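One structure is given below, encoded as structure tokens.
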Amino acid sequence: MILFLSISIFLATAIGSIGLYLWLEARKESLPQRFKEVVGEEAGAPRSGIAASAGEWLGKLRKQFAAKAPTEIELVEMLSGKELTGGRLLLNQAGIRAAGAHYAYLVVRWAFPLVLVVLAVVYGKVTGVASKSILLMVLVAGIAGFLLPDFMLRWKIRKRQEEITDSLPDALDLLVVCVEAGLGLNAAFIKITEEFQLSSPALSEEFDVVNREMVAGKPRQEALRALSERSGVEDVKSLVAMLIQTEKLGTSLAQSLRVHSDSLRLRRRQKAEETAAKTTIKLVFPLVFLMFPALFIVILGPGVIQIINILYPVAAK
């Protein structure tokens, strides 16, 4: 086992040294040459040695990925709600929309338990743990490795949905102002995308995807339905239903948005009041089990000691 660890350390050090050398060789290029490469001009004299071969290999790899990269229309079709099910829908709800994100998630989902199991076995062998304990560690590592990626993904989805829910009433206020000022719905969505890039990147990204879908030729109703399915937020679903009904019935969009914005703001205030009302109940358990015992000891402790001294003076001495 010591030999195995020594070989692993040696290989890691060798690979790191080679990578550092290649990086330093690549940094020897002058700044004008790098600018020429970016704009597509000839980059002076070619490099020689290991750095040149590494640069050629990286260039071929980059061309392969560029050839396999999806076009904008393909990316829009991939982001549409009808095409998303299971893991793809969860990844989109978490804001992870890279082309190979689903396959990477599947690899991590199945490779992570194996990695934890191998680490548990190696740790047990190195530390000399009993076989039964190693078996228990392997079982716990496998279960944790299988559940942890899905747990982290759903945690990220929940945080993103909370961010969208908190920022949606403010976005609707801006949407009402834009529509009443004479802008169309698409232009209002673009304005929300620009204004909420810092305060709520998730909401800005969702509206940006809607704009891209409509620019690519997707009908507005389908793009809005895809938004509701992609976000998974109830407030967004109600907003999409209201926009679709307004477009079908021909009612005033500004008035409908104003009423819906007031209802969302009222719901957000009621949710805040509900959370504040729950704090008193949540504080009961830490107060009873953590603070009150220490408080009783501090307040009643000196009195109990004096009572013992008075009743049992011999024992106190």
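The values are calculated or read from the model by the stated rules, or taken from the named source; none is laboratory data. Just so it is clear, the structure is predicted and the values come from calculations on it, not from any experiment. No Cβ is skipped: glycine too gets one built from the backbone with ideal geometry, and neighbour counts run over all protein chains shown.
Return a yes/no flag: does the stretch 253-262 have any residue that is over 28 Å from the mean Cα position of the chain (by Cα), of a type in the set (Gly, Ala, Ser) and not in a helix (DSSP H, G or I). Give the derivation first.
From the stretch 253-262, those over 28 Å from the mean Cα position of the chain (by Cα) are 253-260, 262; that's our starting set.
Keeping just the survivors that are of a type in the set (Gly, Ala, Ser) gives 254, 256.
Within this subset, residues satisfying the condition of being not in a helix (DSSP H, G or I) are none.
Scanning the stretch 253-262, I find no residue that is over 28 Å from the mean Cα position of the chain (by Cα), of a type in the set (Gly, Ala, Ser) and not in a helix (DSSP H, G or I), so the answer is no.
Could you list, in sequence order, the residues of the stretch 245-272 that are of a type in the set (Val, Ile, Thr) and surrounded by 16 or more Cβ atoms within 10 Å (Cβ to Cβ)?
First pass over the stretch 245-272, keeping only residues of a type in the set (Val, Ile, Thr): 246, 251, 259.
THR246, the sole residue that qualifies.
When you go through (1) at pLDDT 85 or above; (2) buried (at least 16 other Cβ atoms within 10 Å of the Cβ) one by one for ILE143, which number turns out not to apply?
With respect to (1) at pLDDT 85 or above; (2) buried (at least 16 other Cβ atoms within 10 Å of the Cβ), ILE143 is out only on (2).
Could you say which residue among SER204, SER231 is of a type in the set (Gly, Ala, Ser), without any contact (Cβ under 8 Å) to a residue 60 or more places away in the chain and closer than 24 Å to ALA94 by Cβ?
Numbers: SER231 fails: without any contact (Cβ under 8 Å) to a residue 60 or more places away in the chain.
Answer to the selection: SER204.
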